[in-house]
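A short worksheet on the structure shown next.
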Amino acid sequence: MKVFHCSHCEHLAFFENTVCVRCQHRLAYLPDLETVGSLDPVGEDLWRCPINERYLYRLCENYKRENICNWAIPETDTRSLCRSCGFTLTVPALDQPRHREAWYKLEVAKRRLLYSLWSLGCPVESKSDDPERGFGFRFLADMEGPDAAPVITGHADGIITINIAEADDAERERRRQQLHEPYRTLLGHFRHESGHYYWDRLIKNSPWINAFRETFGEERSDYREALERYYQSGPSTQWSEQFVSAYASAHPWEDWAETWAHYLHMADTLEIAGACGLSLRPHRPDEPALAAAVDPVRGDPMAFDELTKRWFSLTYVLNNLNRSLGQPDGYPFVLSNVVIDKLRLVHLAVKSAAAGEDWRVA
């Protein structure tokens, strides 16, 4: 994520904003320019941004009518939905209480995921653009009744289903405590489930598969049995020596998805830290340091060691700040050497895909 500014008055703007709080100009994310820009009306349903006045835009239908989105569409694009909203296949019934609020939160998280994937150079196509290899999202609510089966958040054949209950902060916290998780966020669900999709897209039936099995284990072991065993017996007491989370120990597919999600977590946080000009200049040489405006995530493909070095410095200050505010650690994880090697494989797979090398090990 980056730091954005109003195109008219240069006031700070955030990724989710729709109006500049200083000059009151309408704001929209402009995917073709990869920035949030302020807009001037130039006709019926047409807008222009001072960043490049040659381009005209329309607002996404979910921006105009539903107040769910804040993206714009280039005038030359005939679709009524923006690039992000086009990935949503099913929305919850909006005549039900709190479903609209849940839908808004789900779309916010989805937009952040898509922004990260595009920024990293991952192959990103919707089901409507590429029915065979694309992906899409279904946002579903549990049905009422004693015999109704709950909606299971998960991925299958490019379709990512999210139970909208995860958009309820209280319910999500209840589930986090029930499952003894240190961390559970709505954006984390999107990142995790996208990991399952990208395992199919980048690893399955590819030359990466041997490196995957050497690093993550044998994925051909029975998945259903592995999950049943995990939920019945729980993780090993030594799980943190080999896995980024307890749930990652359930099966190599879950290990990949958890590690993938963690990598996106790192990439996005490091990018915004760099965009904010954050740096650490300690008073002692043996304390963590951080140089500003360095982005190894999107730079040298082999810069993974620099990435992890910066990550440890950033999380060191993040946790110290949280503790000073009386809050739990913002980053409640410990990365073993085994986990770092798994993150390295994710990094290399992402960089290879960004270079158009989906099916070749770098």
Can you list residue pairs whose Cβ atoms sit under 6 Å apart, with the first residue in the stretch 198-227 being polar (S, T, N, Q) and the second being in a loop (DSSP other than H, G, I, E, B)? Count only pairs 6 or more apart in sequence or on different chains.
Ser206/Trp359
Restricting to the stretch 46-60, what's the tally of residues that are out of contact with any Gly (no Cβ under 8 Å at 6 or more places or on another chain) and open to solvent by less than 50 Å² (accessible area, probe 1.4 Å)?
8
Condition broken by Tyr230, with the remaining ones in (1) over 25 Å from the mean Cα position of the chain (by Cα); (2) closer than 22 Å to Tyr316 by Cα; (3) surrounded by 16 or more Cβ atoms within 10 Å (Cβ to Cβ) satisfied
(2)
When the residues of the stretch 157-203 are narrowed to those that are open to solvent by 60 Å² or more (accessible area, probe 1.4 Å) and not charged (D, E, K, R), which ends up nearest to Gln96 (Cα to Cα)?
Ala170
Residue list for the stretch 62-104, restricted to those being open to solvent by less than 50 Å² (accessible area, probe 1.4 Å) and of a type in the set (Asp, Glu):
Asp77
Considering only residues that are open to solvent by 40 Å² or more (accessible area, probe 1.4 Å) and touching a helix residue (DSSP H, G or I) at 6+ places or on another chain (Cβ under 7 Å), which ones fall in the stretch 134-154?
Leu140, Asp142
Residue list for the stretch 22-48, restricted to those being part of a loop (DSSP other than H, G, I, E, B) and more than 27 Å from the chain's Cα centre (by Cα)
Arg22, Cys23, Gln24, His25, Glu44, Asp45
Does Ile209 count as out of contact with any Pro (no Cβ under 7 Å at 6 or more places or on another chain), surrounded by fewer than 16 Cβ atoms within 10 Å (Cβ to Cβ), aliphatic (A, V, I, L, M) and within 30 Å of Gly356 (Cβ to Cβ)?
yes
Please verify whether the stretch 307-319 includes one or more residues that are within 21 Å of Glu241 (Cβ to Cβ), in a loop (DSSP other than H, G, I, E, B), at pLDDT 90 or above and not aliphatic (A, V, I, L, M).
no
Which of the residues that make up the stretch 258-277 are open to solvent by less than 50 Å² (accessible area, probe 1.4 Å) and either over 27 Å from Val317 (Cα atoms) or not in a helix (DSSP H, G or I) (or both)?
Gly277
For the stretch 37-62, which positions are farther than 12 Å from Leu27 by Cβ and of a type in the set (S, T, N, Q)?
Asn52, Asn62
Where a residue in the stretch 256-283 is without any contact (Cβ under 8 Å) to a residue 24 or more places away in the chain and its partner, wherever it lies, is β-branched (Val, Ile, Thr) and open to solvent by 10 Å² or more (accessible area, probe 1.4 Å), with Cβ under 9 Å and at least six apart:
Gly274/Val294; Gly277/Val3
When the residues of the stretch 242-252 are filtered to those that are in contact with a Gly (Cβ under 9 Å, 6 or more places away or on another chain) and surrounded by fewer than 23 Cβ atoms within 10 Å (Cβ to Cβ), which remaining residue is nearest to Arg310 (Cα to Cα)?
Ala246
Quick check: is even one residue across the stretch 4-20 within 21 Å of Ala109 (Cα to Cα) and touching a Gly at 6+ places or on another chain (Cβ under 7 Å)?
no
I'd like to know if the stretch 149-163 contains one or more residues that are more than 18 Å from Leu89 (Cβ to Cβ) and among the hydroxyl-bearing types (Ser, Thr, Tyr).
no
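The values are calculated or read from the model by the stated rules, or taken from the named source; none is laboratory data. Note that this is a predicted model, so its numbers are computed, not measured. Cβ: placed from backbone, ideal geometry, glycine included. Neighbour counts: every protein chain shown. Each accessible area value is taken on the protein alone, full model and side chains, heavy atoms only, with ligands, DNA and RNA left out. Shrake-Rupley method; radii C 1.70, N 1.55, O 1.52, S 1.80 Å.
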